[in-house]
1. Just a yes or no: is a residue in the range A:212-231 within 14 Å of chain B (Cβ to nearest Cβ) and surrounded by fewer than 22 Cβ atoms within 10 Å (Cβ to Cβ)?
2. Do we find that B:ALA134 is under 25 Å from A:ILE251 (Cα atoms), out of contact with any Ser or Thr (no Cβ under 7 Å at 6 or more places or on another chain) and facing chain A (nearest Cβ under 9 Å) in this structure?
3. Among the candidates B:ILE193, B:ILE181, B:ILE161, which residue alone is of a type in the set (Val, Ile, Thr), more than 17 Å from the chain's Cα centre (by Cα) and at pLDDT 95 or above?
4. Answer yes or no as to whether B:GLY99 is facing chain A (nearest Cβ under 8 Å), in contact with a Leu (Cβ under 8 Å, 6 or more places away or on another chain) and in contact (Cβ under 8 Å) with a residue 24 or more places away in the chain.
5. Of all residues in the range B:158-178, which are more than 16 Å from B:CYS223 (Cβ to Cβ) and in contact with a helix residue (DSSP H, G or I) (Cβ under 6 Å, 6 or more places away or on another chain)?
6. Being under 18 Å from the mean Cα position of the chain (by Cα) and among the basic types (Lys, Arg): is that true of B:ARG105 here?
7. Have a look at B:SER74, B:SER60 and point out the one that is of a type in the set (S, T, N, Q) and under 30 Å from B:VAL224 (Cβ atoms).
8. Out of the range A:173-194, which residues are more than 14 Å from A:ARG232 (Cβ to Cβ) and in contact with a Lys or Arg (Cβ under 9 Å, 6 or more places away or on another chain)?
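The values are calculated or read from the model by the stated rules, or taken from the named source; none is laboratory data. The structure displayed is predicted, hence computed values, not measured ones. Neighbour counts run over all protein chains shown; Cβ positions are idealised from the backbone, glycine included.
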2 protein chains.
Amino acid sequence: MTGKLVIVGTGPGNPEQTTPQVRDAIAAGEQFFGYAPYLDRLNLRPDQRRMPSDNREEISRARAALDAASKGASVCVVSGGDPGVFAMAAAVCEAIETGPETWRRLQITVLPGVTAMLAVAARAGAPLGHDFCAISLSDNLKPWELIERRLRAVAEAGLVIALYNPISKARPWQLATAFKILREALPVTTPVIFGRAVGRPDEHFAVVPLGEADQQSADMATCVIIGSAETRIIERPGMDPLVYSPRGVGI
Amino acid sequence: MTGKLVIVGTGPGNPEQTTPQVRDAIAAGEQFFGYAPYLDRLNLRPDQRRMPSDNREEISRARAALDAASKGASVCVVSGGDPGVFAMAAAVCEAIETGPETWRRLQITVLPGVTAMLAVAARAGAPLGHDFCAISLSDNLKPWELIERRLRAVAEAGLVIALYNPISKARPWQLATAFKILREALPVTTPVIFGRAVGRPDEHFAVVPLGEADQQSADMATCVIIGSAETRIIERPGMDPLVYSPRGVGI
């Protein structure tokens with residue numbers, strides 16, 4: 001018997017932002033593999049099995065999930081946000097490529113979700129309204145020099161930048177260094193948005209100029225969006241400002 | 001009396017990928033402004049008013065929506081995908097910034113959705129599993145020279161590239177030129193994904209090497225994802241291959 005494996009993205013955290021397609025896949029799953037806090041959000045039934053793991057064990061988690069599916073289980077691999085953006089879909093693919101031939105015969109489905117930068121951008125206005133990029137600031141899986149080179153290239157090219165994995169206990173200085181590099185390429189007035197747990201009760205949200213951006217405003221669950229030189233702030237009486245990147249530039 | 005304005009993203013087109021939050025906002029809306037085909041998907045009630053417009057009339061549509069809200073209506077501005085990604089949220093912000101002071105007092109809410117590149121990526125595997133960018137290929141609102149410069153910069157920096165608005169009747173040659181530029185910076189074997197209407201009955205989906213990528217595989221509703229030099233293809237017996245970008249590089 002051959003099982004199947006579904007990789008789902010539950011969205012930014014507010015259950016009202018989880019798609020019906022993902023909810024249905026969760027209802028149909030038997031075994032759930034994921035970072036423990038993501039599994040905690042699912043309200044699983046007693047007959048559904050939780051297989052939590054630490055957030056730095058992505059490949060071993062992917063292998064365990066594929067192994068369970070190859071034994072006939074209906075397996076659900078759970079990511080927050082979208083599973084294809086710095087999350088479990090790439091880890092599962094990597095495990096399949098380097099794993100036993102039988103894993104290539106499994107039915108694999110990836111169900112998209114609302115990734116963090118989209119939720120943070122919506123909270124702010126429309127900072128991703130023009131060309132933009134998403135860069136993981138984690139140097140666990142790529143050299144820091146490459147990250148620096150990419151930050152310079154995209155800032156000079158005029159792209160808005162969404163930073164994922166901006167900081168952690170094991171990576172305490174990288175975000176401050178990134179801000180320093182970006183200050184060399186962008187005006188100090190460029191809006192920087194810190195968004196964490198947007199739409200949840202523990203939301204943290206702030207907009208500051210790049211010249212004052214402090215890495216202590218972020219934790220590992222924060223998405224940081226740095227505008228381009230075109231990104232604008234609209235002040236509004238009694239309300240948060242709107243931050244947006246105009247659709248056009250140079251015309 | 002002051003109304004309110006909600007800007008929603010309905011996702012890639014499959015209603016199962018529209019978030020409950022967006023469905024609720026649509027159910028609560030009185031007047032709906034958007035590109036006609038997007039409004040057609042909403043199944044509005046007879047008491048809800050459709051205000052369709054052409055897809056090149058974003059700013060006048062935004063102004064009409066803001067005007068209706070300022071007269072007290074509960075207005076819903078509708079985008080496909082996510083409203084913050086090359087869609088209506090930036091147009092509404094732009095209209096507010098250049099419009100009457102009263103528009104700054106309106107309650108504006110942006111509700112995120114699953115943007116096209118996430119749905120296309122999920123269909124393919126995990127091509128956005130590493131650093132990536134989203135670039136609109138439309139030179140209606142920025143000079144073509146700037147687009148060329150950005151394509152070169154991001155390809156050389158090793159980012160996966162999602163192209164929005166790749167082609168239209170008024171812009172017939174830009175996508176072929178983009179492929180030509182990218183062939184100078186990337187291996188001809190780099191996977192290129194064409195995804196249109198993913199998850200809908202009229203889905204078109206194809207993966208080809210960059211050396212063979214043909215702009216005729218795209219129309220204006222297609223999202224084109226071009227891998228980086230690291231992006232890989234896993235062949236599978238009797239199934240579509242998996243395309244993914246490894247989480248790590250150079251380590």
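1. Step one: list which residues in the range A:212-231 are within 14 Å of chain B (Cβ to nearest Cβ), which gives A:223, A:225-231.
Those left that are additionally surrounded by fewer than 22 Cβ atoms within 10 Å (Cβ to Cβ): A:229-230.
For the range A:212-231, residues within 14 Å of chain B (Cβ to nearest Cβ) and surrounded by fewer than 22 Cβ atoms within 10 Å (Cβ to Cβ): present.
2. Details: under 25 Å from A:ILE251 (Cα atoms): yes; out of contact with any Ser or Thr (no Cβ under 7 Å at 6 or more places or on another chain): yes; facing chain A (nearest Cβ under 9 Å): yes.
The answer is yes for B:ALA134.
3. On the way: B:ILE193 fails: more than 17 Å from the chain's Cα centre (by Cα); B:ILE161 fails: more than 17 Å from the chain's Cα centre (by Cα).
Result: B:ILE181 is the single residue among B:ILE193, B:ILE181, B:ILE161 that is of a type in the set (Val, Ile, Thr), more than 17 Å from the chain's Cα centre (by Cα) and at pLDDT 95 or above.
4. Numbers: facing chain A (nearest Cβ under 8 Å): no; in contact with a Leu (Cβ under 8 Å, 6 or more places away or on another chain): yes; in contact (Cβ under 8 Å) with a residue 24 or more places away in the chain: yes.
Taking the combined requirement at face value, the residue does not satisfy it.
5. So the first thing to find is which residues in the range B:158-178 are more than 16 Å from B:CYS223 (Cβ to Cβ), and the list is B:158, B:169-170, B:172-173, B:176-177.
Listed by number, the list holds a single entry, B:ALA176.
6. Values: under 18 Å from the mean Cα position of the chain (by Cα): no; among the basic types (Lys, Arg): yes.
Taking the combined requirement at face value, the residue does not satisfy it.
7. Working: B:SER74 fails: under 30 Å from B:VAL224 (Cβ atoms).
B:SER60 is the lone residue from the list that is of a type in the set (S, T, N, Q) and under 30 Å from B:VAL224 (Cβ atoms).
8. A:ILE181, A:LEU182, A:GLU184, A:ALA185 - these are the residues of the range A:173-194 that are more than 14 Å from A:ARG232 (Cβ to Cβ) and in contact with a Lys or Arg (Cβ under 9 Å, 6 or more places away or on another chain).
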